[in-house]
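Report on one structure; see the data block that follows.
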Amino acid sequence: MIMTRVPMQIQLTQSKKEKPDPATLVFGKTFTDHMLIVDYEEGKGWHSHRIVPYAPLTLDPAAIVFHYGQTVFEGMKAYKSEEGTIRMFRPEENMKRLNYSLDRLCMPRIDEENALYALNQLLQIDKDWIPTLDGTSLYIRPFVIATEAFLGVAPAKKYQFFMILSPVGSYYKEGIHPVKILVENEFVRATKGGTGSAKTAGNYASALKAQEVADQQGYSQVLWLDGVERKYVEEVGSMNIFFKINGEVVTPAINGSILEGITRKSILQLLRHWEVPVAERKISMDEIRNAYENGQLEEVFGTGTAAVISPVGELNWDGYKMIIGNGETGELSKKLYDTLTNIQTGKENDPFNWVYEIKKHIAQLA
Ligand SMILES: *Cc1c(COP(=O)(O)O)cnc(C)c1O
């Protein structure tokens, strides 16, 4: 890969923050010393790449993002290996998906290589913030917002692209642990033709109500069904979903309303590599219930950057409770979790060339 070098202004902070205790990190609450900002203006394109001290923004109250939600984001992680090198997991895929989401929201595409180059620099500057304790990592949140001050409903002419970094702890405090999931019959996340396949804020805002109801009933997530018939499985909160039924691993096919996860894609590659039978197809709740009743629903797990693999111990469909694998983590879920996290952190070799090592891409940085 050729790194296009964009001129980058770097303003380092005068007051470095105290780093949190890696043993008690929570997801997404602390942020590092610096952030990336890039401006966009119609006719001028993306310009003024800069790394500046992490600080609140000043925006016009009429900025389009506040009113009509023209914004998209990404989520990825960086790790520090035992040798001290910085590693990321398939970041090219995140940049590609960012452009997909930008297109869907009528926002200008970014240059994927320039964005990765900028991220390399930002990580180099804040590298001491990458935690090394088992299960910890540095979460990277790229996002783009419409900043033009205008109350008309139209694509903005001005945008800003940011990347912020947050040291995060292990998703599982006491090792990998199954979650209880409520199958959602009332609310809908997305339908074909909508924005479900883009990582855009509105999808998550509209999901909060269902999440709140599930919470009150003691469930940590909801499983979304298709928006038309409420029959077929789509995905979970911010994870894709997999079912192991009678030896075969089934996941809903990409259909225009599901977010196409990079973890999902990687899990499918790993399973095919291991010669485990897999299928990407429509799967109905009736089929899952039948499999459960026949004793063939062997494992259920969610996949996403934050948790990597999240085993499901219980599915509640309209009061019908399915307890999967005695509520314990399945063998395949555990093996997938271990393999993927070992590849990410460098404890296991990387047969698919998924890992992106910073030092390979930027040898000499000021
Ligand atoms: C981000 C996300 C996923 C998982 O994607 P990964 O690339 O694996 O992190 C799945 N579903 C939704 C709705 C998401 O926002």
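For segment 225-253, the set of residues classified as away from the ligand (no atom under 11 Å from the Cβ) and within 17 Å of the chain's Cα centre (by Cα) consists of PHE242 only. Listed by first and then second residue, the pairs with beta-carbon distance under 6 Å, at least 6 apart or on different chains, first residue in segment 9-36 and in contact (Cβ under 8 Å) with a residue 24 or more places away in the chain, second surrounded by 11 or more Cβ atoms within 10 Å (Cβ to Cβ) and part of a helix (DSSP H, G or I), are THR32/TRP129; HIS34/ILE125; LEU36/ALA118; LEU36/LEU122. Any residue in segment 278-287 that is crowded, with 16+ Cβ neighbours inside 10 Å, part of a loop (DSSP other than H, G, I, E, B) and either on the phi > 0 side of the Ramachandran plot or more than 11 Å from the ligand (Cβ to nearest atom) (or both)? For segment 278-287, residues crowded, with 16+ Cβ neighbours inside 10 Å, part of a loop (DSSP other than H, G, I, E, B) and either on the phi > 0 side of the Ramachandran plot or more than 11 Å from the ligand (Cβ to nearest atom) (or both): present. Taken over segment 68-83, residues that are polar (S, T, N, Q) and within 18 Å of ARG104 (Cα to Cα) amount to 2. If you go through segment 158-197 and keep only what is aliphatic (A, V, I, L, M), more than 19 Å from the chain's Cα centre (by Cα) and more than 15 Å from the ligand (Cβ to nearest atom), you end up with LEU182, VAL183. Can you find a residue that is assigned by TED's automatic domain parsing to the domain that holds GLU235, surrounded by 15 or more Cβ atoms within 10 Å (Cβ to Cβ), within 25 Å of GLY227 (Cα to Cα) and β-branched (Val, Ile, Thr) anywhere in segment 315-327? Scanning segment 315-327, I find no residue that is assigned by TED's automatic domain parsing to the domain that holds GLU235, surrounded by 15 or more Cβ atoms within 10 Å (Cβ to Cβ), within 25 Å of GLY227 (Cα to Cα) and β-branched (Val, Ile, Thr), so the answer is no.
Residues checked against (1) under 19 Å from VAL236 (Cα atoms); (2) touching a residue at least 40 places away in the same chain (Cβ under 8 Å); (3) not basic (Lys, Arg):
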position	(1), (2), (3)
ARG281	yes, no, no
MET285	yes, yes, yes
GLU299	yes, yes, yes
THR305	yes, yes, yes
GLU314	yes, yes, yes
GLY319	yes, no, yes
MET322	yes, no, yes
GLU331	no, no, yes
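The values are calculated or read from the model by the stated rules, or taken from the named source; none is laboratory data. Predicted, not measured: the structure shown is a model, and the values here were computed from it. For neighbour counting, all protein chains shown are included, and Cβ atoms are generated from backbone atoms with ideal geometry for every residue, glycine included.
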